[in-house]
Amino acid sequence: MPTLLLVRHGRTTANSAGVLAGWTPGVRLDEHGEQQAAALARRLAPLPVAAMVSSPLERCRQTAEALRTVDGPAGARPQVLVDDALGEVRYGDWTGRELKSLAKEPLWKTVQAHPSAAVFPGADGEGLAQMQHRAVRAVREHDARVASEHGEDAVWVAVTHGDVIKALLADALGMHLDLFQRLSADPCSVSVVRYAPLRPFVLRTNDSGGDLAAFAPPRRRRRAAPGARGASSSDAVVGGGAGT
């Protein structure tokens with residue numbers, strides 16, 4: 001099973017201004033966000049990234065391209081594939097508004113307490129449940145493609161948005177979407193998931209500075225140690241195991 005690194009884009013001008021950017025065009029990383037992306041590129045240096053997929057929005061594509069500036073063990077990083085299904089939630093009429101103003105809207109409480117029922121207003125407004133469905137489907141399809149093209153030990157990166165990552169993690173953890181606000185996905189954080197045949201394994205969440213070298217594909221062994229969980233296993237290690 002491949003290893004998926006879910007990366008949120010770096011901090012943007014909208015983030016620092018407290019504005020819900022949504023699909024607003026032209027929202028890019030601020031200076032701090034650029035520094036975050038450059039630092040993450042260096043953290044990814046030990047990993048042989050087989051594929052990179054990004055939301056179409058500028059802040060994600062800018063982050064993804066920054067991750068390509070540092071070569072991996074196999075040389076240059078792969079080209080970035082853009083997928084609309086990993087795009088931001090379509091917030092409809094909420095797009096471009098200040099968060100402090102949105103917090104006064106009746107829908108805000110639904111988004112906080114019962115997000116599976118939240119549908120954003122306007123002709124292009126999307127429900128959070130709709131977003132989760134399209135994002136999970138896209139990630140699963142990309143993961144299967146990466147496994148087919150690069151093998152079960154491959155590592156790949158998806159650069160997307162905070163609410164999208166939280167929805168993907170909730171699905172992988174078997175959590176109802178109504179609990180996804182308990183999760184966090186900070187700018188340029190990394191969350192790590194492996195989709196095994198029986199269940200996903202969530203290996204890390206909201207990591208903004210840890211060593212990622214442990215997620216490099218393991219060296220092949222002739223015979224696995226008893227009770228070890230290999231990259232192709234769907235079994236959880238009883239007792240918790242020795243870690244990566």
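Odds and ends about this structure:
- In this entry, Q132 is excluded by the filter for residues that are more than 22 Å from V49 (Cβ to Cβ), assigned to a helix (DSSP H, G or I), among the polar types (S, T, N, Q) and touching a Lys or Arg at 6+ places or on another chain (Cβ under 8 Å).
- So T3, is it of a type in the set (S, T, N, Q) and closer than 19 Å to A138 by Cβ: yes
- Residue satisfying all of: in the range 191-211; in contact (Cβ under 8 Å) with a residue 40 or more places away in the chain and in contact with a helix residue (DSSP H, G or I) (Cβ under 7 Å, 6 or more places away or on another chain); farthest from R59 (Cα to Cα) among these: Y195
- Residue in the range 16-29 that is small (G, A, S) and within 26 Å of Y195 (Cβ to Cβ) present: no
- Matching helices (runs of 4 or more DSSP H) fully within the range 1-91 where at least 2 residues are surrounded by fewer than 16 Cβ atoms within 10 Å (Cβ to Cβ): 13-17, 31-43
- The set of residues from the range 25-46 being free of Cβ contacts under 8 Å to residues at least 60 places away in the same chain and farther than 16 Å from T12 by Cα comprises A41, R42, A45.
- Considering residues of the range 98-123 that are within 24 Å of the chain's Cα centre (by Cα) and assigned to a loop (DSSP other than H, G, I, E, B) only, the residue surrounded by the fewest Cβ atoms within 10 Å (Cβ to Cβ): H114
FYI, it's all coordinate maths here, none of it is from the lab. Given the structure is predicted, the values throughout are model-derived calculations rather than measurements. Don't worry about glycine lacking a Cβ; one is built from the backbone with ideal geometry, like all the others, and counts go over all protein chains shown.
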